Structures are given as structure tokens and as C-alpha cells.
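Only one structure is covered here, and it is reproduced in the block below.
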Amino acid sequence: MRHGRAPRLIAVLLSATALLLGSACGPATTELTDPFEVAGMPVTDGPSGLKAGASRPSRTVTNSDGGRIDVLAVQSVSDVEDYWTGVFDDAFGTTFTPVRQLVSWDAEQGGGARSFCGQSTSGLVNAAFCPLDSSIGWDRGVLLPSLKQSYGEMAVAMVLAHEYGHSVQHQAELNPANTPTLVAEQQADCLAGAYMRWVAAGDSRRFTLSTGDGLNALLASVISFRDPLLRGNTVVSRGGEHGSAFERISAFQFGFTDGPATCKGIDEEEIVERRGDLPVALQRNETGNWPVSRESVRSVIAAMNILFQPAVPPRLTLDAAAAARCPDARPTPPVSFCPDTNTIAVDLAGLKKLGAARTGPTGLTGDNTAYSVLISRYMLAMQHAVGLPLDTPEAGLRTACLTGVATRKLARQVNTPDGNTVALTAGDLDEAVAGLLTNGLAAGDVNGQAATAGFARIDAFRTGVLGDNKDACFNRFP
């Protein structure tokens, strides 16, 4: 959030380090309203990764060391090619042609460095599609092992499916010359999402992907590569323009839900429309961080009162023990809502901890990870006021959707009676997405129960952000 005396803000869109070299209102997507399904498939936990006894790879790799990472990578490319062989003609009306060459290197081996796409591989911690010779290459020494260790084998498959998406763009002629990098990157995320749906549906001969914990880990790997926060026209940290974590997951979900043909709808105009007034750059002297405090919590609640003008606003208390005295709901620390007393109880120390900027599975947590949870409990009060049930599986997704609506409204600053200004800043959406993925509190019902699938939680939140309409949330999640 951005903050200050007469501009104070909650920050949720994350900074990014995009390591990949390559290169939403968005395309219409199927409505995901069932908390027990992901894109029409049941939510299941179980193994994700390379199958035991998987089919042998159909490709060979130049400069391979024959190790496990290269085997995993070449299996990934072979599997992606199986997918595109089967669907390319229907999606794009032409014949699919595999890339000409696969290349492996170890970024830590300076002395034995080779060249890939005109660059030395010494220190090249990357994976990429090279249009100059229709090749795909990867760093087997640093990048792919770190992805596998942090997120599992499917993270390696995801990176290479993304890079293969650039080859698909190239041969399907999806983009004219001088297409912005951001368009190409989000199309590649979308195309990779379409492939991952195929795997999750059980159609792959080599890989399996569970729609519960497996897909959650995969989404975490997607948002581990994202754009840097910008200050004016200056890039804060190095990296290509892949889009924010919120945008990348949106593009991935478009492909996963509706297939590769929908990826053609991602263009510069669509991305501009989808971004709308959402902030993408930090302003001068802005950190994008508003530490959680008594003042900030009260200001955020005051901003909600101004934006939604409830007939009977919920009462705020910083007495965390009050949550345990609620007769009709269990505590959901660090923020709880009690329907009986219409009270939001905040454990300030716990909320501060939740909002601390730190590295983790996504590397995106920050102040809006906490503020989105606070806002979600306010959204429960809004639902209670109109008589909606608060303890059903749908209630959690409805809450995530309404939290997205409130977040979008904060793109336009709100001046509160205490002299603060509450507003969304660059990084805030990504921090909210990280929380939805890792703890799900902002998508929890009144007792803290959230949909198992992070995919469903984020989809509901995105619906609210892009729709900016609370009635749409009520209608979609009755």
C-alpha cells in the first residue's frame, strides 16, 4: 500500500526478478465457481512430476552431461512437443514443426563456456528460445536445479513449456514485428498453461500434475519469475518484462482453463485494458510499503467504510482475545470476524508478522499480504449484512472475489478522516496473490476454511479485481 499524510496506501504488487531470457479483462474464461474443482477437474492431491517408467524422450541434447536435470529437461521438451503435435493445427490452422536443437550448459563453468543465441553461457543463469536458429537452451547448473529444489519437477517443465510457447508464437505468426515483449511473454505463459491442463487431465505419457498441492506449487514457480518494480522510467532490478505475478498467473489461467486458442486474444490492447488504472510503477520517493500498525489498520477499515458505506459498519477491536468469545464463528488469526457482534478483531502482532517483507516460496510477501486478509474479514461483514451464509465452501471464494473488488477500488486513493490516504501501489496485487497461494486466509470463510486449490482462490480474487463489481461476486458465488 502507498501511504502518507494525504496519500497513504496499501502495497500489494510485487517486485520481480525475471531470469528467463525468452523474448487480464482478458480473453474470456470459463467461470470457475466450484471450490472442489479446477477448470472442471476435481481437486486432488498426489504425485506431480515425471512418471515412473515414463516414455523415453524423443529428443537429444547438445552439450549434455547426461545428468538427471538434463534428463528431466529433455523429457519436458519431448512432452511439450507431444502436446503441440496433437493440438497445433486445430488451434492455429497450420502444421506444427518442432524446434531444431536443444542445448544445455552449466552457468558456473566459465572455462568451458559455449555460445547460445549469440551469448556466452558463462554465468548465463537462464532458459530461452532462440529464434535465430530455432533452438531451446537451459542452464543445468544453477537455474533448473534451483527450480526443482524449490518447487518440484513440474517447475522445470513449466519453464520449458513457457520457452516452447515462444516457438509456437513464432511459427503460428501470432504477432507482427515490433510486438512488445510483455505481449509475447504473457502469450507464452498462456500457452504453457494450456499444456499444463493437458498434463493435469492425465493425457501426458511422461508427467503427472495434481490439481491441489501440485498445481499450487506450479503457480508458485510461475510467480517466482516476474517483472521488476519500476521507478518512473528506471528499472530497479535487472530482468525482462514478463509481467507482474498477478498478470502472469492470469495469463496462465486463461490457457489452462480455455486452451491455446484463447492465447491469441492476448495483445497490447487487451493487456492495457486489463491493467486499467492498476499501478505498475512506484512514484518518486515511494517505497510501496506501509508497515502494519494501529494507525494503518484503522485507516484501512476507514477506507472500506468510505468505499462501501455500509448501513452498520463493523466495529474494529485490537483486542485479539475478543475473537475467542464469538458465539457463532471460530477465530481466524490474525484477523477474525464475529457475525454476532459485527466485530473485526485484529491480533496486531500476528498481522505485522504476516505483512513483513521476506523471501519465501514465492518471494512476494509484504504489507498487502496482511492488508488483504484484513480487507477480507471486512468483506465477510458486507456479506453478513445482506444475509449470505458465511460458513460454506462458496463463502470463501466469494470473500476472495470481494477482496479483489476492494483492492481494485483502492487504485483510486481514498482520503480517510485521520488524514491518511489509502491507495494501491505497485507490488500490492502480487503480495495478495502470494498470500492467497501460501496461506489462503484472504479466501477463507468466517471459520477460516478456504478452497484447497490455490488456482480457485486466485481465480476468484482476479474476478473481483478485473470486474470491480461486488454484485458480480454475489451472483457468481451465491
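How large is the helix-only mean residue ellipticity at 222 nm for the chain, computed as the sum of -39500 (n - 2.57) over DSSP H runs with n ≥ 4, divided by its residue count, in deg cm²/dmol to the nearest 500? All intermediate terms of the calculation are to be shown ahead of the outcome.
Numbers: 14 runs with 197 residues, N = 478.
Calculated from helices alone, the mean residue ellipticity at 222 nm is -13500 deg cm²/dmol.
Its alpha carbons considered, the chain gives a radius of gyration followed by a Dmax of 22.5, 71 Å.
Straight-line cross-link partners of Lys51 among the aspartates and glutamates, defined as a Cα under 14 Å from its Cα and at least 8 positions apart when in the same chain: Asp79, Glu153, Asp203. Summary value for the stretch 294-476: 23 percent relative contact order, contacts being C-alpha pairs under 8 angstrom separated by 6+ residues.
Compute the length gained on full extension between Ala324 and Arg100: take 0.36 nm times their separation in residues and subtract their Cα-Cα distance, giving the result in nm to one decimal. If you can, show how the numbers build up before the last one.
On the way: separation 224, 0.36 × 224 = 80.64 nm, distance 6.32 nm.
Fully extending the segment from Ala324 to Arg100 adds 74.3 nm.
For the pair Asp468 and Thr62 in one chain, pulling the backbone fully straight at 0.36 nm per residue adds 141.2 nm over the alpha carbon distance. Normalising the Debye intensity of the stretch 37-275 to I(0), with uniform scatterers on Cα atoms only, and taking log10 at q = 0.07, 0.13, 0.17 Å⁻¹ returns -0.21, -0.77, -1.37.
Comparing Gly404, Asn475, Pro339 along the charge dipole axis of the stretch 294-476, the residue lying farthest to the positive side is Gly404, per the Cβ-charge model. For the stretch 119-208, the set of trypsin sites (Lys or Arg not before Pro) satisfying both a DSSP loop assignment and a count of at most 16 other C-beta atoms within 10 Å is given as Arg205.
Looking at the stretch 418-478, none of the chymotrypsin sites (Phe, Trp or Tyr not before Pro) sits in a DSSP loop with at most 16 other Cβ atoms within 10 Å of its own Cβ.
Note that the stretch 111-225, at 37 °C in a medium of 0.692 mPa s, gets a Stokes-Einstein diffusion coefficient of 216 µm²/s from its Kirkwood radius over C-alpha pairs. For the stretch 342-356, putting each phi into the Karplus relation 6.51 cos²θ - 1.76 cosθ + 1.60 with θ = phi - 60° gives couplings of 6, 10, 9, 9, 10, 8, 4, 5, x, 5, 4, 5, 5, x, 6 Hz, in residue order, rounded to whole numbers and with x for Gly and Pro. When His162, His384 are compared by accessible area of protein heavy atoms, the largest-first order is His384, His162, using a 1.4 Å probe. Mean sequence separation of contacting Cα pairs (under 8 Å, at least six apart), scaled by the length of the stretch 294-390, corresponds to a relative contact order of 24 percent.
Working from label points 7 Å from Cα in the Cα-to-Cβ sense, the Ser55 to Thr317 distance is 6.2 nm.
The values are calculated or read from the model by the stated rules, or taken from the named source; none is laboratory data. None of these values were measured; they are calculated from a predicted model. Note that each Cβ is placed from the backbone with ideal geometry, even for glycine, and that neighbours are counted across all protein chains shown. Side chains included, ligands, DNA and RNA excluded: accessible areas come from the protein's heavy atoms. Shrake-Rupley method; radii C 1.70, N 1.55, O 1.52, S 1.80 Å.
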